[in-house]
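So the structure is just underneath, and the comments pick up after that.
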Amino acid sequence: MDDWFPALPKARRASQVALVSMSLPKLMPRRRWLITAGAWLLSTLPALSVRASERLTLTGSSTVAPLVLEIAKRFEKLNPGVRIDVQTGGSSRGIADARSGIAQIGLVSRALKPDEADLVAHSIALDGIGLIVHRSNPVVTLSDAQVRALYTGATTQWREVGGPALKVSVVNKAEGRSTLELFLAHFKLKNSDIRAQAVIGDNQQGIKTVSANPGAVGYVSIGAAASEVALGTPIRLLPMSGVAATVDEVRRGRFPLSRPLNLVTRGELAPLAQRFIDYARSPAVHDLVEAQAFVTLAPT
């Protein structure tokens with residue numbers, strides 16, 4: 001058996017030989033054992049390759065991720081052996097990872113841009129972006145001009161817009177978030193115009209920040225905010241352009257700042273990715289979409 005370990009030092013070779021000898025059936029010839037071990041190793045290769053092919057990675061929007069995570073859990077239960085990894089990081093990450101192949105599917109909470117024509121968007125729901133304030137703030141509405149004044153620092157006290165004698169604390173989104181892009185476009189602002197006291201990433205950070213500060217104003221997913229309001233979180237959604245920030249108004253197409261929630265891909269889809277996208281766009285997950293306070297889409 002020494003010829004199994006020709007390159008090892010003698011003492012170590014002896015210990016390795018003893019270890020192997022202990023593990024071999026005493027009556028099994030070495031040739032037979034080698035054939036048996038080789039056959040076992042080869043038999044595991046198809047299983048290993050199947051496991052690799054039954055794994056999906058999805059990255060991107062923190063608005064889309066919680067919904068996709070719930071869809072993924074149900075999909076995994078229906079498809080034993082499938083594993084789906086959902087990561088956040090913003091819509092920009094979803095675009096970049098789908099393009100590079102780091103993720104098979106990107107999560108993007110906006111429509112694709114003209115320079116993103118190499119990608120395909122598969123919409124799974126609709127959402128709106130709404131302004132939120134602390135529940136104790138008596139301000140019931142803000143005009144577009146007042147919102148611009150608050151966010152640029154031209155207005156620094158809530159009493160200037162009909163509120164209490166309280167300093168305004170502006171909460172803005174971080175770069176790379178589609179919520180930021182859409183907010184800036186709607187209010188005709190540049191990010192360099194914003195005078196923020198807090199910069200946050202995902203919706204939950206924004207909601208937590210505003211709920212802890214009576215003087216704060218922010219903007220987040222209507223679906224995320226509505227879900228938190230239902231749980232008793234002390235925030236309030238403000239109307240925009242005279243339209244209530246509700247799921248119903250998004251569904252009717254009346255809310256001025258709405259967006260699709262997309263799964264984004266590039267090139268030919270692997271079978272598992274196609275199956276997951278088809279499932280995520282089907283009526284089988286409408287209850288999950290509605291539970292997140294998003295708007296379901298008609299099957300296509």
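Evaluated against (1) within 26 Å of Ala96 (Cβ to Cβ); (2) touching a Gly at 6+ places or on another chain (Cβ under 9 Å); (3) open to solvent by less than 40 Å² (accessible area, probe 1.4 Å), Leu184 falls short on exactly one condition, (2).
Out of curiosity, is Val120 buried (at least 16 other Cβ atoms within 10 Å of the Cβ), touching a Leu at 6+ places or on another chain (Cβ under 9 Å) and under 26 Å from Gly232 (Cα atoms)? The answer is no for Val120.
Does Gly176 satisfy the criteria of being surrounded by fewer than 20 Cβ atoms within 10 Å (Cβ to Cβ) and modelled with pLDDT under 95? Yes: the conditions hold for Gly176. Scanning the range 133-152 for residues that are open to solvent by 50 Å² or more (accessible area, probe 1.4 Å) and in a loop (DSSP other than H, G, I, E, B) returns Arg135, Ser136, Pro138, Val140, Thr141, Ser143.
Within the range 155-164, is there a residue that is over 24 Å from the mean Cα position of the chain (by Cα), surrounded by fewer than 16 Cβ atoms within 10 Å (Cβ to Cβ), at positive phi and not aromatic (Phe, Trp, Tyr)? Among the residues of the range 155-164, at least one is over 24 Å from the mean Cα position of the chain (by Cα), surrounded by fewer than 16 Cβ atoms within 10 Å (Cβ to Cβ), at positive phi and not aromatic (Phe, Trp, Tyr), which makes the answer yes.
Can you find a residue in the range 264-279 that is under 30 Å from Ser100 (Cβ atoms), of a type in the set (S, T, N, Q) and open to solvent by 60 Å² or more (accessible area, probe 1.4 Å)? Spell out the reasoning first.
Going through the range 264-279, the residues under 30 Å from Ser100 (Cβ atoms) turn out to be 264-279.
Pick out the ones that are also of a type in the set (S, T, N, Q) and you get 265, 274.
The next check asks that each one be open to solvent by 60 Å² or more (accessible area, probe 1.4 Å); those that pass are 274.
Within the range 264-279, one or more residues are under 30 Å from Ser100 (Cβ atoms), of a type in the set (S, T, N, Q) and open to solvent by 60 Å² or more (accessible area, probe 1.4 Å).
With the structure loaded, tell me whether Ala245 is in contact (Cβ under 8 Å) with a residue 12 or more places away in the chain, in contact with a strand residue (DSSP E or B) (Cβ under 6 Å, 6 or more places away or on another chain) and closer than 15 Å to Ala293 by Cα or whether it fails that test. Spelling it out, Ala245 is indeed in contact (Cβ under 8 Å) with a residue 12 or more places away in the chain, in contact with a strand residue (DSSP E or B) (Cβ under 6 Å, 6 or more places away or on another chain) and closer than 15 Å to Ala293 by Cα.
The values are calculated or read from the model by the stated rules, or taken from the named source; none is laboratory data. All of these numbers come straight from a predicted model, not from anything done at the bench. Cβ sites come from the backbone with ideal geometry, for glycine too, and all protein chains shown count toward neighbours. In case anyone asks, the SASA skips ligands and DNA or RNA and just uses the protein heavy atoms, side chains included. Shrake-Rupley method; radii C 1.70, N 1.55, O 1.52, S 1.80 Å.
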